[in-house]
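The values are calculated or read from the model by the stated rules, or taken from the named source; none is laboratory data. Since this is a predicted model, take the numbers as computed values, not measurements. Here the Cβ is made from the backbone with ideal geometry for all residues, glycine too, and neighbour counts use every protein chain on show.
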Amino acid sequence: MDPQELKISLSYRSEYISDRASVIERETGKMAMWDVLSNLWESKDNPDGIVNLGMAQNWLLRDSVSQRIRDSFDPPSSALTYTEGTTGSKRLKDAMSRFITHHFFPFKQVLPEHVSVTNGTTSALEHVSWALADPGEYFLVGQPYYMNFVPNLTWRFGARLLTVPFEKDDDRFSEVAVERYQQALDNAKGQGKKVAGIILCHPHNPLGRCYPRKVLIGLMKVAQEHRVHLISDEVYALSTWENTVDKECTPADFHSLLSIDPKGIIDSHRVHVVWGMSKDFAAKGLRIGALISQYNSHLHNSLVEAGIFTMISSFSDHIAVNLLEDEEWLQWYLPEHQRRLSQNYAKIARWAQNHGINYAKGANAGLFMFADLGTKYRETHDVSPTQNITQLVQGALKEHKVYVSSGDDFGCEKPGWFRIVFCVPDYCLFEGLGRIIEALH
């Protein structure tokens, strides 16, 4: 199958703003997430609100992280200045490089000069877009893909996306995936489309699985053959956990792209990793992301001036340093974080099994489950072949005031699939799951 270009129509225009701003204005209007955040359900304070199981925020240890921040928050007066530059303080780069070296098991020690810090992984990915691709060039993303790859990589700097389709029975985490990317690159070349890089979400969002080491090596070889960059978004790197429910599956453990020696496989300057503290540290609001590239100093140099647009707050810098340097606290926090994710996955997996809902089995990473709500909806509703099952389920969920993310937003080839976030407090999780069942019936 040929790769499919994701196109954003310019048919919507405004005399008040530029064409590209008009497109983004229209796309923003589709994002139900922002409406949800302004009307969140609370059993006492807002019982008529919307239960949010759609945004991948991690609530499970938020109180512990907040308390740890308060215990050590004593920023210096220099925090009110630009401090030491646009891509993170020396101390933060040192702390982050040591943290990544310790937890990601890189083949080569990560040094401070290998790290550029940004205000969130969104900004790190946008830097990837403009720094590694010229306008009109393409990045390959496999279906389904992380939904925000579209705005992060395409909206502002003119890069484009080509989706890599898979056959019905393809295992996206097997060596078949390598073949599909190879085919997509060959087809793009035949169509005269210049590809700048392959983007992986590893661990995967929304499927919650990791690419095996041999598949990563295969993709490195493909990237080298076509002389393109390979970028691994590893924002869920430490949000991996034991799957105690899906016994029939043996998911691959997480191996960072940094852990593989590129010698003899790929030009080392083509290998890049994105990471941040939003998921692994339950701290989306902290806005800490990083672009790690160990062999491409030109990339980091290009970000120094451009980094003025993506600088992190000096206070966030101070907080991140305190968290990353506290080895004693990390020895408790990271295993507890993973233990609780495992527990909550077991809760939602048993819920799905008890209600006869099919889901993507074998997950061992991330904050969510990918589930087929459409098939369950069909069991109790007369749905014609011409009706859009995804839209029907979305309408029912909206009526019952529960928000989950549609598979359409992830470019899922199969209709009726939705991503359900499970890392919320139990009272919220069970309220939301109950509303989903009501909506399906």
note = Checked region 298-333 for anything farther than 16 Å from residue 288 by Cβ and surrounded by 14 or more Cβ atoms within 10 Å (Cβ to Cβ); matches are 299, 300, 302, 306, 329
note = All conditions in (1) farther than 19 Å from residue 431 by Cα; (2) in a helix (DSSP H, G or I) are true of residue 347 except (1)
message = Let me confirm something: among 237, 196, 223, which residue is in the same structural domain as residue 99 (by TED's automatic domain parsing) and part of a helix (DSSP H, G or I)?
response = 223
request  = Test each condition in (1) farther than 22 Å from residue 269 by Cα; (2) at pLDDT 95 or above; (3) more than 18 Å from the chain's Cα centre (by Cα) for residue 119 and report the one that comes out false.
outcome  = (3)
key: Qualifying residue in region 150-170 (condition: farther than 14 Å from residue 275 by Cα, surrounded by 22 or more Cβ atoms within 10 Å (Cβ to Cβ) and small (Gly, Ala, Ser))   = yes
ask   = Would region 244-254 turn up any residue that is of a type in the set (Phe, Trp, Tyr), part of a loop (DSSP other than H, G, I, E, B) and modelled with pLDDT of 95 or more?
value = yes
remark   = When (1) within 27 Å of residue 207 (Cα to Cα); (2) in contact (Cβ under 8 Å) with a residue 24 or more places away in the chain; (3) not β-branched (Val, Ile, Thr); (4) not in a helix (DSSP H, G or I) are applied to residue 311, the one that fails is (1)
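Is it fair to say residue 269 is part of a helix (DSSP H, G or I), out of contact with any Ser or Thr (no Cβ under 7 Å at 6 or more places or on another chain) and either in contact (Cβ under 8 Å) with a residue 60 or more places away in the chain or not hydroxyl-bearing (Ser, Thr, Tyr) (or both)? Before you say what the answer is, go through the steps one by one.
Numbers: part of a helix (DSSP H, G or I): yes; out of contact with any Ser or Thr (no Cβ under 7 Å at 6 or more places or on another chain): yes; either in contact (Cβ under 8 Å) with a residue 60 or more places away in the chain or not hydroxyl-bearing (Ser, Thr, Tyr) (or both): yes.
Taking the combined requirement at face value, the residue satisfies it.
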message = Against the definition (over 30 Å from residue 410 (Cβ atoms) and in the same structural domain as residue 200 (by TED's automatic domain parsing)), how does residue 44 come out, yes or no?
response = no
task = Determine which member of the set 67, 57 is outside the structural domain of residue 280 (by TED's automatic domain parsing), within 24 Å of the chain's Cα centre (by Cα) and not basic (Lys, Arg).
result = 57
task = Note down all Cβ pairs under 9 Å where the first residue falls in region 408-422 and is free of Cβ contacts under 8 Å to residues at least 40 places away in the same chain, the second is surrounded by fewer than 24 Cβ atoms within 10 Å (Cβ to Cβ), and they're at least six residues apart or on different chains.
result = 408/390; 408/391; 408/394; 408/415
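Residues checked against (1) modelled with pLDDT of 95 or more; (2) more than 23 Å from the chain's Cα centre (by Cα); (3) not assigned by TED's automatic domain parsing to the domain that holds residue 55:
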position: 393; (1), (2), (3): yes, yes, no
position: 396; (1), (2), (3): yes, yes, no
position: 404; (1), (2), (3): yes, no, no
position: 409; (1), (2), (3): no, no, no
position: 413; (1), (2), (3): no, no, no
position: 416; (1), (2), (3): yes, no, no
position: 419; (1), (2), (3): yes, no, no
position: 431; (1), (2), (3): yes, yes, no
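Would you mind finding the one in 134, 186, 171 that is without any contact (Cβ under 8 Å) to a residue 24 or more places away in the chain, assigned to a loop (DSSP other than H, G, I, E, B) and not small (Gly, Ala, Ser)?
171
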ask   = Within region 85-117, how many residues turn out to be in a strand (DSSP E or B) and more than 17 Å from residue 323 (Cβ to Cβ)?
value = 1
ask   = What do you reckon, is residue 355 over 25 Å from residue 238 (Cα atoms), touching a helix residue (DSSP H, G or I) at 6+ places or on another chain (Cβ under 7 Å), assigned by TED's automatic domain parsing to the domain that holds residue 39 and of a type outside the set (A, V, I, L, M, F, W, C)?
value = yes
